[in-house]
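K.L.:
Encoded as structure tokens, here's the structure I'll be asking about.
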Amino acid sequence: MRTRPLLSLTSLFVLAFLFLAYPIYVIRPFRYQGPRELAAALLITQYRPYLEILLALAALLVLITVWRGVTARRKAILVCLTVLVLGCALLSRINVYEKMFHPLEQPAFSAAAQSKLDAGEQVIAIKVNNAARAYPIRDISYHHIVNDTVGGRAIVATY
């Protein structure tokens, strides 16, 4: 009975941290995301604020329920775990992707034969006059906007 609150709060913290960290790990710049892991990360991102609130409320409930029956040392540990769960809940409200994404002002290019694209990689292609460019979706999806000049014309590529 003495370890149950500690295990409960530890489990709540682990879940809160996973809900916070998994989408950030999967949806990060210049990393290929598999369809299943991306779908899971997007699903977690969609419901994460509600899940984190439930986990925070559960952590507070555990803390309040056992408060009178534990030693001062154990109270300190339980309070730290509860604060960590609450911290994850607060951090889940921050959209880190807004901090990561910014327009790509000066893109760098290489010849098609020298490119290091995966075989199934998708690109946005444009040809103006005799000049052509291909912008990998993987790169554009993190910048959303690429300002470039193609065939002497200023263009904006977006995804």
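K.L.:
List the residue pairs whose Cβ atoms are under 6 Å apart, where the first residue sits in the range 107-134 and is in the same structural domain as Arg153 (by TED's automatic domain parsing), the second is in a loop (DSSP other than H, G, I, E, B) and surrounded by 10 or more Cβ atoms within 10 Å (Cβ to Cβ), and the two are 6 or more positions apart or on different chains.
P.N.:
Between residues of the range 107-134 that are in the same structural domain as Arg153 (by TED's automatic domain parsing) and residues that are in a loop (DSSP other than H, G, I, E, B) and surrounded by 10 or more Cβ atoms within 10 Å (Cβ to Cβ), the close pairs are Val128/Gly151; Asn129/Gly151; Ala131/Gly151.
K.L.:
Moving on. So Gln33 fits all but one of (1) free of Cβ contacts under 8 Å to residues at least 12 places away in the same chain; (2) under 17 Å from Leu7 (Cα atoms); (3) touching a helix residue (DSSP H, G or I) at 6+ places or on another chain (Cβ under 8 Å); what number is the exception?
P.N.:
(2)
K.L.:
Cβ-Cβ under 8 Å, sequence separation 6+ or interchain: first residue in the range 39-59 and hydrophobic (A, V, I, L, M, F, W, C), partner surrounded by 18 or more Cβ atoms within 10 Å (Cβ to Cβ) and outside any helix (DSSP H, G or I). Which pairs?
P.N.:
Cβ pairs passing all conditions: Ala41/Ile27; Leu42/Ile27.
K.L.:
Output the number of residues of the range 135-145 satisfying the condition of being over 18 Å from Leu117 (Cα atoms) and either assigned by TED's automatic domain parsing to the domain that holds Val26 or of a type in the set (Val, Ile, Thr) (or both).
P.N.:
Result for the range 135-145: 1.
K.L.:
Against the condition without any contact (Cβ under 8 Å) to a residue 60 or more places away in the chain and closer than 27 Å to Ser141 by Cα, how does Arg68 come out, does it pass?
P.N.:
no
K.L.:
Next question. Can you find a residue that is closer than 30 Å to Asp148 by Cα, among the polar types (S, T, N, Q) and modelled with pLDDT under 95 anywhere in the range 46-54?
P.N.:
No, the range 46-54 contains no residue that is closer than 30 Å to Asp148 by Cα, among the polar types (S, T, N, Q) and modelled with pLDDT under 95.
K.L.:
Turning to a different aspect of this structure: Among the helices (runs of 4 or more DSSP H) contained in the range 1-110, which hold 3 or more residues that are exposed (fewer than 11 other Cβ atoms within 10 Å of the Cβ) and among the charged types (D, E, K, R)?
P.N.:
By residue number, no helices (runs of 4 or more DSSP H) qualify.
The values are calculated or read from the model by the stated rules, or taken from the named source; none is laboratory data. Note that the structure is a prediction, hence the values are computed from the model and not measured. Methodologically, a virtual Cβ is constructed for each residue, glycine included, from the backbone with ideal geometry; neighbour enumeration extends over all protein chains shown.
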